Each structure stands twice: as C-alpha cells, then as structure tokens.
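First the structure, in the form of structure tokens, and then the observations on it.
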C-alpha cells in the first residue's frame, strides 16, 4: 500500500528540513499523517537566490529542451499515479478514484504547455525598406506562485507548467493543508533533470511568505489561486511594487436548466458533478436556475441521487464523496444550511454533519431559497446545491449575473437560440453547455468581475509569463 510522503522544502535542487513544523491532518479520521516543514526567512532568501541562478540557465534553454524535461517529469507523475493519489486522498479527503483523475489532469497541463512552449511565436511587422520591426516573447522572470488546498496536484501543476514552459523560474508556496501533490511534482522534476533553482518549493505561514516574496526585486510576477479576499490583498501588495498578477479567484457558479432537456438526466448529471470533491471546487455548479416546467422532476432526481451518494473514508474505492477539508468547513456549511432553512428554503436532502469523527457533511440540496439567504450571496465551497425555479430565460440570466462573481457558468439546453442568448448575456470567463466541466488543458481558464484577472491554460495561458519585446532594426546608420 502506498505511504504518505516525507515532506520537505525543495530549494536549489536540494531537499531540506526545518526546525518548525505544522501537522497535516487526514480529514477522514482527524489523524495526523505528516509534519510539514515551515520555511524560515533564510530559506526564502536561499530560494530567491536559487531562482535568480536558475532563471539564467532556464531562460536560455531551448524550448524543445524545456519541453523534453517537462514531458519526462509528466511521464514520471503518470507512473507514480497511485502513490500521488493516495497522498491527495489522505490529506484532502478526495475519493481515491477522483484523486487518480486529478493526477492525470495535472499531467495534461504539463504536456499541453510543453508543446505550447515550442509555439510561442513572435511576428514581423510590415515596414518601409531598410528597416525591420519584429516582436519576440521572453520570460518575465522569477514567479512567486501560491496554490490552494482543494486541488493539491493539478493547481500547482498549472502554475509550474506555465512558468517552466515560458522559461521562467518559480518559487511555489503550496498549501499547508495539502502539500503532498506539490512535493511529488518537485520530485518528478528533480528526477527528470530540471536544473537546480528553476523550481523551488516552500511552505509556511501564507501571509508571512507572500509579504516577504512579493516586494522582492527578484520576483517579477505573482500567480495566485484562492479566495477573492486574499486575491485582492495580494493584488494590492503586488501593485504597490509594480508587479503584474495572474489571479484565479472565487466563484458561485450558476447553472441554467431550460425546459427542453430531460429533467431526470439533467438532475443526475448535476448532482454527480456538484458533489465532486465534496463541492470544494471554485467552478462547482451551485446555483441552479430551473425552468418551472421541469423544476419538480429535476429537483426530485437531483435530491434522490445526492442522497444516494456513498459518503465515507476517501481511500475506499466505493466512496463517492469524502469529508470536507476541516472542522471550519463543517461549521460554515451548517450555518449556511440553517440560515437558508430559517428564511424559508426547503431542505430536500442533507443539511447536517454525518457522525462525530471525521469532517463529513451530508450532500445537501436546498430548494426555493430566497435571495436574502446567505448561501445565495456567499460561495458555500462545499456540498450544498441551490435549486430555484424561473419562468423565463431572461430571468435566469439576470439571476446568474446578480452576484459580483464570474468564474464559471453552465447551461443545459438543446436550443441553439438559448445558447446564443446565454453566450451574449452571461457574465463569466468560462461558459459550458450540456457539460459541467469548466476547462481542459488546451483552453484558457479564468474569471471576470470579482473572480480574477488573467488566464491559465491554452495558448493564452503562457502569455502572462512572458513580456513582449519590440525590436526595430535599421539596416544602416
């Protein structure tokens, strides 16, 4: 059986321990499974120095050579899927089957960006005789990246892939709650022959690390995935020091269910996708606006399927949904459920904690939730779904746009006219029809409004890690 990894910092191509540690908790049984090293200021100084050295080497490495190392690392991660999935499942509570899929998704980010690194073309601009104008894309420099706890492997992978493919060095501050995926990424790149200093991995108190790294002259860009509140704080800190940012922030994704779909099939699909990773996904479909003609059948199918999901220990193959990440999430989810019920919402399933050991919360379905309920305004980031009825598509679009968030949105319909109206009308960075998947490696991903700035993935994703240099060349003085 796989074991949980020995956690260390990775700086300048070397693994190192720390005198101070934090416990890593298994949310399925609340046991301590690891000791996380906390980086000291001297470790951060070493990481900055190493990144400067690594940048000199890596930025001058041919794109094809960069791609070869990235592909070797991805192949190692695929070979180690079971070991990595076990670590993710143990530290996050993600069902082991979903954890295996996350490893593959992370590898796809590396593989796509490795290929795209060889297609970062400049251009020649038409000019008069005797002079040439052209543009080239060059690495922006050292990146300070901060990844969240809810996708321990694929979220760090997105940032590492973009930086390395572009020729940048990176200092990754991965999540303290779920460090296993990032440690495995660093190990794979170490074994694949990545030059020392190109990738550095640190852990510690988030505010202390960000406030030390971001102002440093060596850091030229900040990449962050997490809450809107923290993202705004880091954006302000970066702005004070003239640093560009890539921000993938919170969401509260709407789903518009039109009257031309099979309500049973739509309800089962929606319940399955909503409860993935216990709803702890920034793109999780949460606010379902369902046409009144199919509302009852959709709600019944959704609630029945949600209630039938097997909730249990994440490493068991039969588990369909594991625990949420912490006791704090239990408290927040309970408060949101109780507030909605007190304001008149109907609880069709769940709404309560399961058992007294482990952070298990029942798949929860709330119907006819009033607009003033807290769960309508705040992203629950857990297994809570809201199902409200609407009478027109215009009403549904207005409700979808009523919040300051705009990361992902979904539509279930077979009408081209409905699709056209939603494409024009919904304020979001990612819009999917008849699928509840918001992005894949080859497509750009990011939000609008309070859900962030910039794009990860696709051809657009690498542009944030580069600067455009314009070259003017006159043939003679």
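Does residue 307 qualify as being in contact (Cβ under 8 Å) with a residue 12 or more places away in the chain, surrounded by 19 or more Cβ atoms within 10 Å (Cβ to Cβ) and not assigned by TED's automatic domain parsing to the domain that holds residue 90? Against the criterion (in contact (Cβ under 8 Å) with a residue 12 or more places away in the chain, surrounded by 19 or more Cβ atoms within 10 Å (Cβ to Cβ) and not assigned by TED's automatic domain parsing to the domain that holds residue 90), residue 307 does not qualify.
Residue count for region 69-80 satisfying the condition of being surrounded by fewer than 21 Cβ atoms within 10 Å (Cβ to Cβ) and in contact with a helix residue (DSSP H, G or I) (Cβ under 7 Å, 6 or more places away or on another chain): 6. Against the criterion of being farther than 18 Å from residue 67 by Cβ and in contact (Cβ under 8 Å) with a residue 24 or more places away in the chain, residue 208 does not qualify.
Checking the stated criteria, residue 220 turns out not to satisfy the condition of being farther than 21 Å from residue 430 by Cα and surrounded by fewer than 20 Cβ atoms within 10 Å (Cβ to Cβ).
For residue 297, the conditions (1) outside any loop (DSSP other than H, G, I, E, B); (2) crowded, with 16+ Cβ neighbours inside 10 Å; (3) in contact (Cβ under 8 Å) with a residue 24 or more places away in the chain all hold with the exception of (2). Within region 338-353, residues that are in the same structural domain as residue 271 (by TED's automatic domain parsing) and touching a residue at least 12 places away in the same chain (Cβ under 8 Å) reach partners that are surrounded by fewer than 17 Cβ atoms within 10 Å (Cβ to Cβ) and assigned to a loop (DSSP other than H, G, I, E, B) with beta carbons closer than 9 Å, at six or more positions or on different chains, in the pairs 340/370; 343/370; 343/372; 344/368; 344/370; 345/368; 345/370; 346/368. Somewhere in region 201-211, is a residue part of a strand (DSSP E or B) and touching a helix residue (DSSP H, G or I) at 6+ places or on another chain (Cβ under 8 Å)? Yes: region 201-211 contains one or more residues that are part of a strand (DSSP E or B) and touching a helix residue (DSSP H, G or I) at 6+ places or on another chain (Cβ under 8 Å). Just one of the numbered conditions (1) under 28 Å from the mean Cα position of the chain (by Cα); (2) at negative phi; (3) surrounded by fewer than 15 Cβ atoms within 10 Å (Cβ to Cβ) is not true of residue 434: (2). Residue count for region 317-337, restricted to those that are in contact (Cβ under 8 Å) with a residue 40 or more places away in the chain and surrounded by 14 or more Cβ atoms within 10 Å (Cβ to Cβ): 13.
Okay, residues lined up against (1) assigned by TED's automatic domain parsing to the domain that holds residue 462; (2) more than 22 Å from the chain's Cα centre (by Cα); (3) buried (at least 24 other Cβ atoms within 10 Å of the Cβ); (4) part of a helix (DSSP H, G or I):
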residue	(1), (2), (3), (4)
46	yes, yes, no, yes
49	yes, yes, no, yes
67	yes, yes, no, yes
82	yes, no, no, yes
87	yes, no, yes, yes
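Listed by position, the helices (runs of 4 or more DSSP H) contained in region 94-193 that have at least 1 residues being more than 29 Å from residue 214 (Cβ to Cβ) are 96-116, 180-192. Scanning region 1-17 for residues that are touching a residue at least 40 places away in the same chain (Cβ under 8 Å), outside any strand (DSSP E or B) and more than 28 Å from residue 361 (Cα to Cα) returns 7, 8, 12, 13. Going residue by residue through region 237-245, is there one that turns out to be in contact (Cβ under 8 Å) with a residue 12 or more places away in the chain, outside the structural domain of residue 455 (by TED's automatic domain parsing) and in a loop (DSSP other than H, G, I, E, B)? So far as region 237-245 goes, no, none of its residues is in contact (Cβ under 8 Å) with a residue 12 or more places away in the chain, outside the structural domain of residue 455 (by TED's automatic domain parsing) and in a loop (DSSP other than H, G, I, E, B). With a requirement of 3 or more residues that are more than 25 Å from residue 247 (Cβ to Cβ), the strands (runs of 3 or more DSSP E) lying completely within region 353-449 that satisfy it span 364-367, 384-390. Of everything in region 18-34 that is without any contact (Cβ under 8 Å) to a residue 40 or more places away in the chain and assigned to a strand (DSSP E or B), the residue that is farthest from residue 3 (Cα to Cα) is 21.
Looking at region 457-473, is at least one residue crowded, with 16+ Cβ neighbours inside 10 Å, assigned by TED's automatic domain parsing to the domain that holds residue 122, within 22 Å of residue 273 (Cα to Cα) and in contact with a helix residue (DSSP H, G or I) (Cβ under 8 Å, 6 or more places away or on another chain)? Yes, region 457-473 contains at least one residue that is crowded, with 16+ Cβ neighbours inside 10 Å, assigned by TED's automatic domain parsing to the domain that holds residue 122, within 22 Å of residue 273 (Cα to Cα) and in contact with a helix residue (DSSP H, G or I) (Cβ under 8 Å, 6 or more places away or on another chain).
The values are calculated or read from the model by the stated rules, or taken from the named source; none is laboratory data. Everything quoted here is computed from the prediction, not taken from an experiment. Cβ atoms come from the backbone with ideal geometry, glycine included; neighbour counts cover every protein chain shown.
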